[in-house]
Amino acid sequence: MEEINYITDEERKKCQQVVDAFAELYELTDVVVVDAGKYGFVKLQYYREPQGFEVMSTFTDSGKLFDALWQDWFEEQVLATVLGTPLEELEYEEIFAMLPKEKQDELMDKKTYFEGMRSKASEQ
């Protein structure tokens, strides 16, 4: 029986670069991304005792993985600016729009930083 791979070796390398670029995210939240071999990479979120992770997403495309991790990082950062205030009930986009321009630029510059980390890893 022929073994089926759901991710190419090239895409596996790119996905690993994305995972590495977002290393700081895993320290901030209960998100972890693991290499699932021939199945790609699995993002696990919202760990709860004793059930384990509540959400699991599988990725075989580094661009989609990047977008998902960027969204997680962005939402974590935006929410952190309003925790403990009535504003935390707003949508992320609404909170972001209320932030000072400097803070908005800082957050968006971080996306460029993550993209650079991903690119830098692929050059090595």
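Looking at region 2-52 only, could you name the residues that are part of a strand (DSSP E or B) and either at pLDDT 95 or above or within 12 Å of ASP72 (Cα to Cα) (or both)?
VAL31, VAL32, VAL33, VAL34, ASP35, PHE41, VAL42, LYS43, LEU44, GLN45, TYR46
Give the number of residues within region 53-95 that are part of a helix (DSSP H, G or I) and closer than 19 Å to PHE22 by Cα.
Total meeting the criteria: 19.
Which of (1) closer than 19 Å to SER119 by Cα; (2) of a type in the set (Val, Ile, Thr); (3) surrounded by 14 or more Cβ atoms within 10 Å (Cβ to Cβ) does VAL42 not meet, given it meets every other one?
Condition (1) is where VAL42 drops out.
Residues to consider are GLY84, GLY37, GLY52; find the one that is within 25 Å of GLU115 (Cα to Cα) and small (Gly, Ala, Ser).
None of the others qualify; the one that does is GLY37.
Kindly indicate whether THR81 is farther than 24 Å from TYR6 by Cβ and among the hydroxyl-bearing types (Ser, Thr, Tyr).
Yes.
Take region 78-107 and flag every residue that is exposed (fewer than 12 other Cβ atoms within 10 Å of the Cβ) and either at pLDDT below 90 or closer than 16 Å to ASP67 by Cβ (or both).
The one that is exposed (fewer than 12 other Cβ atoms within 10 Å of the Cβ) and either at pLDDT below 90 or closer than 16 Å to ASP67 by Cβ (or both): GLU93.
Could you look through region 12-21, keep only residues that are of a type in the set (A, V, I, L, M, F, W, C) and within 12 Å of MET117 (Cα to Cα), and pick out the one that is surrounded by the most Cβ atoms within 10 Å (Cβ to Cβ)?
Per the criteria, the residue is VAL18.
In region 22-39, how many residues are closer than 16 Å to ARG12 by Cα, surrounded by fewer than 16 Cβ atoms within 10 Å (Cβ to Cβ) and either in contact (Cβ under 8 Å) with a residue 40 or more places away in the chain or touching an Asp or Glu at 6+ places or on another chain (Cβ under 9 Å) (or both)?
Residues in region 22-39 being closer than 16 Å to ARG12 by Cα, surrounded by fewer than 16 Cβ atoms within 10 Å (Cβ to Cβ) and either in contact (Cβ under 8 Å) with a residue 40 or more places away in the chain or touching an Asp or Glu at 6+ places or on another chain (Cβ under 9 Å) (or both): 1 in total.
Within the set of pairs 6+ apart or on separate chains, which have a first residue in region 59-77 that is under 15 Å from SER119 (Cα atoms), a second that is of a type in the set (Val, Ile, Thr), and C-beta atoms under 6 Å apart?
SER62/VAL18; LEU65/VAL18; PHE66/VAL18
The values are calculated or read from the model by the stated rules, or taken from the named source; none is laboratory data. Source: prediction; values computed, not measured. Using ideal geometry, Cβ is built from the backbone for each residue, glycine included, and neighbour counts are taken over all protein chains shown.
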